[in-house]
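The values are calculated or read from the model by the stated rules, or taken from the named source; none is laboratory data. Note that the coordinates shown come from a computational prediction; the quantities given were computed from them, not determined experimentally. Positions of Cβ are backbone-derived with ideal geometry, glycine not excepted, and every protein chain shown enters the neighbour counts. Accessible surface areas use protein heavy atoms only, side chains included; no ligands, DNA or RNA. Shrake-Rupley method; radii C 1.70, N 1.55, O 1.52, S 1.80 Å.
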Amino acid sequence: MDLKELHQKKIKEVLNERHILNLPLVSKDAGINTIFSVLTGRDHIWIVDKKGSKKLVGLITESDALKLLAPSRVPKYAFGWRHGISLQYGTAKTASDIMHKQLCICSLDDTVGRVLSRMVNAGLRRLPVVEKDEIVGEIAVHYILQLTLGKV
Amino acid sequence: MLLEIGLALILAKLLGHLFEKIRQPIVIGEILSGIVIGPFIIGKFFDIDFLTPEIEGIAQIGIIFLLFISGLEIGTKEIKTAGKQGLIIAIFGAILSFVFGYLVGYAMGYDTNVNIAIGNIFVATSVGITVRALMELDALHSNIGQLILTSAILDDLFGMIILSMTLGKGSPPMLIIKILIFFIAFFLLYYTIKKLKGSKLYIPRLVLTLGIAFAFIFSAFAQNLGLATIIGAFFAGLLFSNLSQRRRMLNAVRPMGELFFIPLFFVSVGASFDFNALGDIGFFVIFFISMALLAKAIGCSLGAKISKVNIRDSLTIGVGMMPRMEVALVVVSTEIAREIFKKPLADQVMAGTILLVIVSSLITPLLLKRLYKPQENKTKSVNNTLTS
């Protein structure tokens, strides 16, 4: 597919059913062991408000789980409480303790080009597609690469 | 000036690292390196003058960075989730500290402005040292640990609010209007930023630049209203903590501040430590420190007791909230820069606060170890849950 043409396309035109049905969703009160077991199969988890709901409230990635395994230390100048969250001290109990709460999102009407530049700006490889606070799909760099090669 | 900055950075790094090794706050190492480089040790024998206006300027920027980072890290969302118990503990701690500080000044026969200024120094807790101590006791996950952490968040906020209400210049009615203007501006921007969140404007790293710029603009705004610059920087941090770029902004701003501006601020605090001040006012310093420690311990214990924590745990919380660190030093140097204290008193208060920082961070871990009693039925760490 022509790159320029791809950039003009809207997310809803390119979104594949696979990226709508097969989302890794876990509720925010899920225990840390659930998170780890889901992460053995997927490299990220979208955290939703409660079981059955699709209201997106957070994200946990592989690297967040890795950080939990490292020995925790307090930074040079410490404020707030986020440095206190660690598996080592039993302070990371549920998904909501460790998730990213402020997410970069996109909507069905955004163009691929816009989504790509948002990913570049934020240093991310995957954005949730959100409509009215509910997650309806996800779009990843990997998938866009497949599109450019016409392998979808 | 250039040589001094270079030397100060190296010395601060070395002493800071040394203090980290012996499990003391890095900040104290940085202050000590300031004392070393200051007019009483190195400055006495070599031609080195650290307290020049240029370095004062850099230290001022360090203050703005420090408060901006603290606002960003604390964040409006965390404030909302702090809970009722944390709120009560923080309110009692903040108010009692302020009152005790005021009484210290009153007992020494100073005028009202000075009394209020001393009260302000007493308000802001720093939990860094408590977090470390609780980690070593494996108590961070306990009820006490969680209560200390959540109330410490609100504590900083209350400190800033009390500061903005008391440190302003001008007649009381004008001052109230100024404070109102400041907070109205804050909330207007807060909601504009919330609205702009999904906007389609893309300029790479725009938000990072805007964040730093707003830290300074808000500081200038606060200063023009007659409030202190640090209030502006803190609320600018809170403003930007709402964005999804918060973590990226912290990742960018933290190294900028931590590598250059903030250490130089703490070194300049150390350099202004006056040994002569100690001789005259030994009594004042001891009175000052003990009242500061007692105020927080009593206030927060009382707050915890009222919110239905048992006596021993309440005391532990009170002790855990005792340490003062970054914010107290920022408040002192701001107040000195605003010439609230007359000359000999300024040196005494500065010396008193530096010693307060050191003493509180030495005794808090010891007292916590004595007081903290692990609960029988505590939900022991997740390691068990994972294997079970």
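Between A:Ile139, A:Ile45, A:Ile85, where does the largest GNM mean-square fluctuation fall for chain A, given springs only between Cα atoms within less than 10 Å?
Highest fluctuation of the listed residues: A:Ile85.
Put +1 on the Cβ of each Lys and Arg and -1 on the Cβ of each Asp and Glu in chain A; which of A:Gln146, A:Leu87, A:Leu56 then has its Cα farthest toward the positive end of the dipole?
Most positive-ward Cα: A:Leu87.
Under 5 Å between amide hydrogens, which residues at least 5 positions from A:Ser27 or on another chain qualify, with H placed 1.01 Å from N in the peptide plane?
So A:Ser27 has HN proximity to A:Val48.
Tell me, how many Å apart are the Cα centres for the range A:94-133 and for the range A:7-80?
When both Cα centres are located, 11 Å separates them.
Kindly compute the accessible surface that chains B and A hide from a 1.4 Å probe when together, both sides summed, and give it to the nearest 100 Å².
3700 Å²
Residue by residue, what Karplus-based ³J(HN,Hα) values in Hz, rounded to whole numbers, does the range B:293-304 have, using 6.51, -1.76 and 1.60 with θ = phi - 60° and x for Gly and Pro?
The phi angles translate into 5, 4, 4, 5, 4, 5, x, 6, 4, 4, x, 5 Hz.
According to a simple spin-label model (label point 7 Å from Cα along Cα-to-Cβ), what is the distance in nm between A:Ile20 and A:Leu124?
Each label point lies 7 Å from its Cα, and together they span 2.1 nm.
How compact is chain B by the rule of thumb for globular proteins, expressed as Cα Rg over 2.2 N^0.38 Å?
0.98
Please get the size of the charge dipole for the protein assembly as shown, origin at its Cα centre, with Cβ charges of +1 on Lys and Arg and -1 on Asp and Glu, quoted in debye to the nearest 20.
1720 debye
On a straight-distance basis, which lysines could pair with B:Lys296 in a cross-link, Cα separation under 20 angstrom, same-chain partners fewer than 8 positions away excluded?
B:Lys84, B:Lys305, B:Lys308, B:Lys369
In whole Hz, with x marking every Gly and Pro, tabulate ³J(HN,Hα) for the range B:146-161 from phi via Karplus 6.51 cos²θ - 1.76 cosθ + 1.60, θ = phi - 60°.
Once rounded to whole Hz, the list reads 5, 5, 4, 5, 6, 6, 5, 5, 5, 3, 4, 5, 4, x, 5, 5.
List, in order, the whole-Hz ³J(HN,Hα) value for each residue of the range B:44-59 obtained from phi through the Karplus relation with A = 6.51, B = -1.76, C = 1.60 and θ = phi - 60°; use x for Gly and Pro.
Karplus-based 3J(HN,Hα) across the range B:44-59 equals 6, 9, 10, 8, 10, 10, 7, 8, 8, x, 4, 5, 4, x, 4, 5 Hz.
Which longest uninterrupted range of chain B lacks any chymotrypsin sites (Phe, Trp or Tyr not before Pro) assigned by DSSP to a loop state (not H, G, I, E or B) and surrounded by at most 12 other Cβ atoms within 10 Å?
With chymotrypsin sites (Phe, Trp or Tyr not before Pro) excluded where exposed in loops, chain B gives B:203-388 as its longest stretch.
For the protein assembly as shown, take N as its residue count and report Rg(C-alpha) divided by 2.2 N^0.38 Å.
On the way: Rg = 25.0 Å, N = 540, 2.2 N^0.38 = 24.0 Å.
Against the compact-globule rule of thumb, the ratio is 1.04.
Distance from the Cα centre of the range B:69-90 to that of the range B:103-154, in angstrom?
Spelled out, the Cα-based centre of one part sits 14 Å from the other.
Charges on Cβ only, +1 for Lys and Arg, -1 for Asp and Glu, centred on the Cα centroid of chain A; of A:Leu25, A:Ala122, A:Pro75, which one is farthest towards the dipole's positive end?
A:Pro75
Please sort by residue number the trypsin sites (Lys or Arg not before Pro) in the range B:170-242 whose DSSP state is loop and whose Cβ has at most 14 other Cβ atoms within 10 Å.
Sites meeting the loop and neighbour criteria: B:Lys197, B:Lys200, B:Arg205.
Accessible area of B:Met160, 1.4 Å probe, to the nearest 10 Å²?
B:Met160 has an accessible surface of roughly 10 Å² with all protein chains in place.
Can you put B:Thr112, A:Thr111, A:Thr91 in order of accessible area, largest first, using a 1.4 Å probe?
Largest to smallest exposure gives the sequence B:Thr112, A:Thr111, A:Thr91.
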